[in-house]
Amino acid sequence: MSASIAAGPPTRGPDSENFPVASRLLAPAVRGRVLAFYRVVRLSDDIADAADLAPEEKLRRLDAIEAALDGAPGVPEATALRENGAGVEEAKTMLTAFRRDARNEGCEDWEALADYCAHSAVPVGRFLLRLHDEGTHAAMQAADALCTALQVLNHLQDMGEDRAALGRIYLPRSWMEAVGGESAVFNEAAPRRALLDALLDRTETLLDTAAALPRLLCSRRLALESAATIGCARRLLSRLRTGDPVASRVALPKPDALTALVAAPFNGPSDAALVRARVTRAGSSFARGMASLRGERRRALHAVYAFCRAVDDIADGAAPEDEKRRFLGEWRAKLDRPDCALSRELARARARFDLPKSECLAMIDGMETDAAARLRIPDEAALDLYCRRVAGSVGALSVRIFGAPEAEAFGLALGRTLQLVNILRDIDEDAARDRVYIPLSWLGPDASAEELLARPDLHEACHRLLTRAEEGFAAAEAALAGTDAKPLRPARVMMWAYRRLFDRLLARGFHPPRIRPRLSAGERARLAAMALGW
């Protein structure tokens, strides 16, 4: 390595990177070319990260590397790569990202971060695809998503070290502002956790898009490499869900990497398995209702539930409002052009059970309401519309999966009723997000959430909602008359559970402290037994 260019000895080698680099899974001839590419990238990265070099000097050295890639002398690593005949254009693209690092530019929003990744990470995947003559659009789309996810995970891993050592922050500035600003993110656990979770949700979506990559490749070796990499990424993401990368770096232990390697020959989990894992991780009481289904019906309901959870997480997440709306807009496109594990499973469910696209769009419409930074419901008609979108849609989709499309009226009535119970149960939690779902026409003029919940009219308004929920349970029961009750067992299970919560709310009242009602261990056991038909 040229001493006049390098910032010092390499800070890492191919065996000490966070994810596989030129592993033994690749053919020997390919590994040599990958290592030549890696040496140029590592040289450039170390220059951009050198704490003792001024930005101008970093840029001069990066310019020298690009000149050598074009044929100038002085940088043996670049000369070797050029003579290999592959990777020059990708390396030059990556130099754009390293120059941004040298100037410490940062990222304003997710789009800017994705653009950074398009220069800093995506070229690696494109290079590997080209080396293996893999150039389909689907493979490139999946590889781009994987590389972007890997880069974001690295940024999250290193967020504490990058800021302390380099004064560099890759987290989108607008996202940090949404939770209180840079100081809050790096000094307070709660806003940091909210931001991390939102970014990890987005990264998991990318990994779901990448999931198909091993099955899209003709090269068995590259398929193994990609499956192992995706497996490592998922395990790291899981550890970042519970770890704090500011308190200490969250690393991927060797047993996790070995597990991903052992699983690689199976090309990673199926779309159905990935969606099932999402449902399991959510830990919702709805899972008990789903347990009464089997085969394709359970698989379809998993897809619908996971879709609802995914758009709900977008609306509830820490991203700025405009970003949330853009991500929800992406889901509108996914309904027509599935591009990830979840959207493919949802498309499969829609085709198999004739699920209306309009109901999926209604759910997204409801989540756009929740995406607002400040939410007020003006009157009862607006509340009815909101409930129809976010809960009626679930009911209408579910009864079709259950095999009882004629019970749509029941599904709509029950969905609205369960949503009213949720609103009454979550009053304080929603107020903390500056959301008040109780109609202002019942509470009086708009004010802060805290003031609205302190008004004397709150108790009367809540009891009006309780009355409507009571009527909803009765309407749902009436709608069951004349229908085959057996297919609707999952819905009846949920109705029983929510009726227990409703009774607790009625007994508790709405004066502070409003302790959140929960099902007892015995009631949860009863739910499980009911789901199995006992």
### Query
For the range 263-281, what are the residues that are under 19 Å from R239 (Cα atoms) and loosely packed, with under 15 Cβ neighbours inside 10 Å?
T280, R281
### Task
Starting from residues that are of a type outside the set (A, V, I, L, M, F, W, C) and without any contact (Cβ under 8 Å) to a residue 12 or more places away in the chain, keep the ones in the range 478-491 and report whichever is surrounded by the most Cβ atoms within 10 Å (Cβ to Cβ).
K486
### Task
Please enumerate the residues belonging to the range 180-193 that are among the hydrophobic types (A, V, I, L, M, F, W, C) and surrounded by fewer than 20 Cβ atoms within 10 Å (Cβ to Cβ).
A184, F186, A189, A190
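Only one of D115, D101, D63, D109 is at pLDDT 95 or above, in contact with a Lys or Arg (Cβ under 8 Å, 6 or more places away or on another chain) and surrounded by fewer than 19 Cβ atoms within 10 Å (Cβ to Cβ). Can you tell me which?
Details: D115 fails: in contact with a Lys or Arg (Cβ under 8 Å, 6 or more places away or on another chain); D101 fails: surrounded by fewer than 19 Cβ atoms within 10 Å (Cβ to Cβ); D63 fails: in contact with a Lys or Arg (Cβ under 8 Å, 6 or more places away or on another chain).
Just a single option satisfies the conditions, and that option is D109.
Of the residues L527, L506, L488, L519, only one is under 30 Å from L453 (Cα atoms) and either in a helix (DSSP H, G or I) or out of contact with any helix residue (DSSP H, G or I) (no Cβ under 7 Å at 6 or more places or on another chain) (or both); which?
Details: L527 fails: under 30 Å from L453 (Cα atoms); L488 fails: under 30 Å from L453 (Cα atoms); L519 fails: either in a helix (DSSP H, G or I) or out of contact with any helix residue (DSSP H, G or I) (no Cβ under 7 Å at 6 or more places or on another chain) (or both).
When all the criteria are applied, what remains is L506.
Just a yes or no: is a residue in the range 439-457 in contact with a Ser or Thr (Cβ under 8 Å, 6 or more places away or on another chain) and farther than 26 Å from A371 by Cβ? Give the derivation first.
Of the residues in the range 439-457, the ones in contact with a Ser or Thr (Cβ under 8 Å, 6 or more places away or on another chain) are none.
Within the range 439-457, none of the residues are in contact with a Ser or Thr (Cβ under 8 Å, 6 or more places away or on another chain) and farther than 26 Å from A371 by Cβ.
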### Query
What number goes with the only condition from (1) crowded, with 21+ Cβ neighbours inside 10 Å; (2) touching an Asp or Glu at 6+ places or on another chain (Cβ under 6 Å) that R235 does not pass?
(1)
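Only one of A461, A447 is in contact with a Lys or Arg (Cβ under 9 Å, 6 or more places away or on another chain), at pLDDT 95 or above and outside any helix (DSSP H, G or I). Can you tell me which?
Values: A461 fails: outside any helix (DSSP H, G or I).
Answer to the check: A447.
Within the range 298-337, work out how many residues are part of a loop (DSSP other than H, G, I, E, B) and more than 16 Å from the chain's Cα centre (by Cα).
The initial filter retains those residues of the range 298-337 that are part of a loop (DSSP other than H, G, I, E, B), namely 317-320, 337.
Filter once more, so that each one left must be more than 16 Å from the chain's Cα centre (by Cα): 337.
Residues meeting the conditions: 1.
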### Message
For the range 66-79, give me the residue count where each residue is crowded, with 17+ Cβ neighbours inside 10 Å and small (G, A, S).
### Response
2
### Query
Take the residues of the range 375-430 that are under 24 Å from the mean Cα position of the chain (by Cα) and among the aliphatic types (A, V, I, L, M): which is farthest from G509 (Cα to Cα)?
L397
### Query
Out of all the residues in the range 127-159, which are surrounded by 20 or more Cβ atoms within 10 Å (Cβ to Cβ), under 15 Å from E90 (Cβ atoms) and in contact with an Asp or Glu (Cβ under 9 Å, 6 or more places away or on another chain)?
F127, L128, A143
### Query
What pairs come up if the first residue lies in the range 494-507 and is assigned by TED's automatic domain parsing to the domain that holds R524, the second is among the β-branched types (V, I, T), and their beta carbons are under 9 Å apart, counting only those six or more places apart or on different chains?
M495/T417; Y498/T417; Y498/V421; R499/V421; L501/V421; F502/T417; F502/V421; L505/V421
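The values are calculated or read from the model by the stated rules, or taken from the named source; none is laboratory data. Worth saying up front: this structure is predicted, and the values here are computed from it rather than measured. Neighbour counts are summed over all protein chains in view; Cβ atoms, including those assigned to glycine, are modelled from backbone coordinates with ideal geometry.
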